[in-house]
Amino acid sequence: RGTTDQSSGINAEYGHKIMPKETTLYATIIRSTVSHFKSAFSFFGGESSMRKRLGASASMDDLIRRYLEDLPDPAKGGLPINMFVNNIAADLGFKRFSNSMGQVSLDEKIAAFISHLDQEMDLVMITDRMDESLVLLKEHLGWKLSDIVYLKRMVSKKPKVEIAEDVQALIKRYNVIDDRIFEHFSAKFDQHIETLGREYVAEQLKEFQETRERFEDKCFDKDKVVKLPYNSVSWAISDWGKKDNLACTFLQARDVILTKVMAEIQSSQDYTIPNSGKQFTMKETVDKIRRDFDEGVDPV
């Protein structure tokens, strides 16, 4: 069964012609409203832009409060949608969907959109509950636990900043579409777990996390910290990871590189792809992964 991440607001009618609902798992992933806003606000420059206005010593609460209060108020008919506000709704196609509904209330539009997503999505995962989400994805696709193992990459070095309760309420007020989407699918996520059985999911989760941690400990030399872009860090890949298990290196590759590799494999079977003006050859990498797969070698 094929799978797709419908996180770019694709046209459902057109998408179903390419990826029929009967043979495709439609899945996406969302994040809790405050956590998602705070991350986007910092990563995409909202925080730095507001510090230029309010000063370097301004608290995160003040930065967020002033930014949001400058936006059209949803309670008064405003509908802010940008890379910080209601960004999840935008990714899932809310603008196109709501425009097709004509002159109805925002509440009606949100309710109809959530109903639409309910029909479209087989699984909505939760970033805040990533490991549980991967276990559910495994169950939907009939995978093994080793198929969902990941390595942490580009972990932020910035200290965690707690947001005041009144500012959290303000974030949810302006991100009303995202918040309604999250509350609905968070409840549905728990329903998925109930259907599978909480005890079974807990057992699978424990086994998965132990497996992932063992794999991480073998892949990395945790005595060697590596600085990465966007004020993040990781560890150096161990000798075992470099020589004996290609998955360690592959799981640390940038998503842009992996996307290019997958596209080339699918379209032409030519594994030599351009990378920043140079030739980045993945043929040996892909061939080894395929050999391991054909010979039943488990990457974990």
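The values are calculated or read from the model by the stated rules, or taken from the named source; none is laboratory data. Because the structure is predicted, anything quoted here is derived from the model rather than measured. In this analysis, Cβ positions are derived from the backbone assuming ideal geometry, glycine residues included, and neighbour counts consider all displayed protein chains. To get the accessible areas, we keep the full protein, side chains included, count just its heavy atoms, and leave off ligands, DNA and RNA. Shrake-Rupley method; radii C 1.70, N 1.55, O 1.52, S 1.80 Å.
For the stretch 12-30, a residue qualifies if it is touching a residue at least 12 places away in the same chain (Cβ under 8 Å) and surrounded by fewer than 20 Cβ atoms within 10 Å (Cβ to Cβ), and the qualifying residues are ALA12, MET19, THR23, THR24, LEU25, ILE29.
Regarding the stretch 142-156, can at least one residue be identified that is among the small types (Gly, Ala, Ser), touching a residue at least 40 places away in the same chain (Cβ under 8 Å) and under 30 Å from ASP61 (Cα atoms)? Yes.
Surrounded by fewer than 14 Cβ atoms within 10 Å (Cβ to Cβ), touching a Lys or Arg at 6+ places or on another chain (Cβ under 9 Å), closer than 25 Å to VAL34 by Cβ and not aromatic (Phe, Trp, Tyr): does that describe ASP131? Against the criterion (surrounded by fewer than 14 Cβ atoms within 10 Å (Cβ to Cβ), touching a Lys or Arg at 6+ places or on another chain (Cβ under 9 Å), closer than 25 Å to VAL34 by Cβ and not aromatic (Phe, Trp, Tyr)), ASP131 does not qualify. For the stretch 146-162, indicate whether the set of residues that are open to solvent by 30 Å² or more (accessible area, probe 1.4 Å) and within 28 Å of LEU79 (Cα to Cα) is non-empty. Scanning the stretch 146-162, I find at least one residue that is open to solvent by 30 Å² or more (accessible area, probe 1.4 Å) and within 28 Å of LEU79 (Cα to Cα), so the answer is yes. For the stretch 186-202, the set of residues classified as free of Cβ contacts under 8 Å to residues at least 60 places away in the same chain and part of a helix (DSSP H, G or I) consists of ALA187, ASP190, GLN191, GLU194, THR195, ARG198, GLU199, TYR200, ALA202, listed by residue number. Taken over the stretch 156-178, residues that are outside any loop (DSSP other than H, G, I, E, B) and under 22 Å from the mean Cα position of the chain (by Cα) amount to 8. Which one is modelled with the lowest pLDDT, of the residues in the stretch 40-51 that are open to solvent by 40 Å² or more (accessible area, probe 1.4 Å) and more than 15 Å from ARG65 (Cα to Cα)? Going through the qualifying residues, I end up with PHE43.
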